[in-house]
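The values are calculated or read from the model by the stated rules, or taken from the named source; none is laboratory data. Keep in mind it's a predicted model, so treat the numbers as computed, not measured. Heads up, the Cβs are rebuilt from the backbone with ideal geometry, glycines too, and the neighbour counts pull from every protein chain shown. All accessible areas refer to the heavy atoms of the entire protein, side chains included, with ligands and DNA or RNA removed. Shrake-Rupley method; radii C 1.70, N 1.55, O 1.52, S 1.80 Å.
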Amino acid sequence: MLLALGCLAGTLWEGVDNRGVALAFGVLVGVGEWARWTGADVREAAPLGAAGALAYALLGADAGVATHDGPLQVVTVVCAAALLGNVPHIADGRRPTLDHLARRVLTVGFAAVCFQPLRGRGVLEQWGGPAYALLLVALLVLTALCDAVLAAAQAHSRTGWPFVPLLRDELRGLLCIGSAVCATGAVMALAVAVAGLWALPVFCLPLLLTQLSLRRYAAVRATYRQTIASLARATETAGYTPAGHARRVAELSQAVGRDLGLSQAELTVLEYAALMHDIGQLSLVDPVPAGATAGLPAAEQRRIALLGGAVVRQTGVAAAVAVVVERQADPYREQPVAARIVRAVNAYEEKARDAGPGGPLTALEELRLATAGDYAPEVVESLARVLSRDCLTLRAAG
């Protein structure tokens, strides 16, 4: 807010240069923010707005005529356009919107401060050909790193999840939509410098098609997850497990996975495996009382886990999910991390369920006493941290 107000005051004092260029890029950023993707959690919700803002920050000329917009005007135009484009999202109460706006303003401000003063002093005129291209690449890399750090810091502040795994996921995301946004922004700036503002709609088309493809991919993923959730509810519908058990185990398992620093791909496998961890009980002739498998003999637990893995493989779900389901009853030293988490969280939920006000603490203490052979100590301690930090004890038990 301080940056935006300072740039606005500076722009009003100095006046707006190249109003046509400012208006064109402002409209582009505003439309991109208005069309922001809100249906799923993605790395870059408004790729068109991000590319337009980045292109304006790196703009040095318009159809061969040098521009001197300056970093103050760049930040002001981008901030005003992004704010107008996000009015519908703010009106709908979408909470990450303010974080999104702050991240956009700070990232564009960083790029503009790095580029525009050099352009205004004529330093870049001495750089031509490969040197100028390398400079743009270096600025794009630094801006992308700045954006990744800001996104990870915002997510850490909002959720309390560990910062390093969040930053690692953001850096991985740069190789996908992030690289497309950076490349399109740089190409837009270079094209406008040569061909003028008519280049903007031409280079917007690839990002629009990319965003459409991502929306369709998200719809497919949502359908895929709904299918898995429906399969997981089969044990509840048949009366093998209590209602909501799979969902509670999946939610708590994901929280533990984030605390342990799992990547987004690993968290997805963990979620699917946690949802389907009891599906092997459908092969039993006599249901386990209350679906509580944690108290069964080790051999019986492994048999049910292997049956569950076979069912998961027949459904066409990813093989990594089936492996986690199959190995959830193995000795924890031989298990993958996801299987260790599912086993400990499932045992906690079963032990704490219907045990009264002191049930969660008693269940957690039982898990700690069993870390010598049954449950991974680091997972149990992570579970304790999650329950204490996020106040999930009663919810997980109830």
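In the set THR362, THR315, only one residue is more than 21 Å from GLU251 (Cα to Cα), over 25 Å from the mean Cα position of the chain (by Cα) and open to solvent by 20 Å² or more (accessible area, probe 1.4 Å); that residue is THR315. Of the listed requirements (1) more than 26 Å from the chain's Cα centre (by Cα); (2) among the charged types (D, E, K, R); (3) open to solvent by less than 70 Å² (accessible area, probe 1.4 Å); (4) at pLDDT below 85, ASP330 misses just one: (4). Name the residues in the range 250-270 that are without any contact (Cβ under 8 Å) to a residue 60 or more places away in the chain and open to solvent by less than 20 Å² (accessible area, probe 1.4 Å), would you? Listed by number, the residues that qualify are ALA250, LEU267.
A single member of ALA183, ALA152 is open to solvent by less than 30 Å² (accessible area, probe 1.4 Å) and either within 16 Å of ALA51 (Cβ to Cβ) or at pLDDT 85 or above (or both), and it is ALA152.
Selection of the range 264-285 for residues being part of a helix (DSSP H, G or I) and more than 30 Å from ARG172 (Cβ to Cβ) yields ILE279, GLY280, GLN281, LEU282, SER283. Filtering the range 222-242 to residues that are under 22 Å from THR268 (Cβ atoms) and of a type in the set (Phe, Trp, Tyr) leaves only TYR224.
For (1) open to solvent by 10 Å² or more (accessible area, probe 1.4 Å); (2) of a type in the set (A, V, I, L, M); (3) not in a helix (DSSP H, G or I), each residue gets a yes or a no:
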| residue | (1), (2), (3) |
| --- | --- |
| GLY10 | yes, no, no |
| VAL16 | yes, yes, yes |
| VAL31 | yes, yes, no |
| TRP37 | yes, no, yes |
| THR76 | yes, no, no |
| ALA82 | no, yes, no |
| ILE90 | yes, yes, no |
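For the range 166-173, does any single residue satisfy the condition of being outside any helix (DSSP H, G or I), at pLDDT 80 or above and open to solvent by less than 80 Å² (accessible area, probe 1.4 Å)? No, every residue in the range 166-173 fails to be outside any helix (DSSP H, G or I), at pLDDT 80 or above and open to solvent by less than 80 Å² (accessible area, probe 1.4 Å). For residues in the range 46-74 being of a type in the set (Gly, Ala, Ser) and in a strand (DSSP E or B), which is nearest to LEU190 (Cα to Cα)? Looking at the filtered set, the residue picked out is ALA61. One residue alone among PHE115, PHE163 is touching a His at 6+ places or on another chain (Cβ under 7 Å) and either surrounded by fewer than 16 Cβ atoms within 10 Å (Cβ to Cβ) or within 26 Å of VAL65 (Cα to Cα) (or both), and that residue is PHE163. Checked against the criterion of being at pLDDT below 85, more than 19 Å from ALA45 (Cβ to Cβ), open to solvent by less than 60 Å² (accessible area, probe 1.4 Å) and over 18 Å from the mean Cα position of the chain (by Cα), the candidates LEU231, LEU207, LEU275 yield just one match: LEU231. Of all residues in the range 16-30, those that are under 14 Å from CYS79 (Cβ atoms) and of a type outside the set (Val, Ile, Thr) have Cβ atoms under 9 Å from Cβ atoms of residues that are open to solvent by 30 Å² or more (accessible area, probe 1.4 Å) and in a helix (DSSP H, G or I), 6 or more apart or on another chain, in GLY26/ALA80; GLY26/LEU84; GLY30/ALA80; GLY30/LEU83; GLY30/LEU84. Of the numbered criteria (1) surrounded by fewer than 21 Cβ atoms within 10 Å (Cβ to Cβ); (2) within 30 Å of ALA144 (Cβ to Cβ); (3) at pLDDT below 85, the one GLY239 fails is (2). For the range 95-110, the count of residues that are modelled with pLDDT of 85 or more, crowded, with 20+ Cβ neighbours inside 10 Å, touching a Phe, Trp or Tyr at 6+ places or on another chain (Cβ under 9 Å) and part of a helix (DSSP H, G or I) is nonzero.
Listed here are the residues, each with its yes/no results for (1) in contact (Cβ under 8 Å) with a residue 60 or more places away in the chain; (2) outside any loop (DSSP other than H, G, I, E, B).
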| site | (1), (2) |
| --- | --- |
| ARG303 | no, yes |
| ALA310 | no, yes |
| ARG313 | no, yes |
| VAL324 | no, yes |
| ASN346 | yes, yes |
| PRO360 | no, yes |
| LEU364 | no, yes |
| ARG368 | no, yes |
| ASP374 | no, no |
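State which residue pairs qualify: first residue on the phi < 0 side of the Ramachandran plot and among the hydroxyl-bearing types (Ser, Thr, Tyr) and inside the range 197-217, second residue in a helix (DSSP H, G or I) and surrounded by 12 or more Cβ atoms within 10 Å (Cβ to Cβ) in any location, beta carbons under 7 Å apart, and separation of 6 or more residues or different chains. From residues that are on the phi < 0 side of the Ramachandran plot and among the hydroxyl-bearing types (Ser, Thr, Tyr), the pairs are THR210/PRO47; THR210/ALA180.
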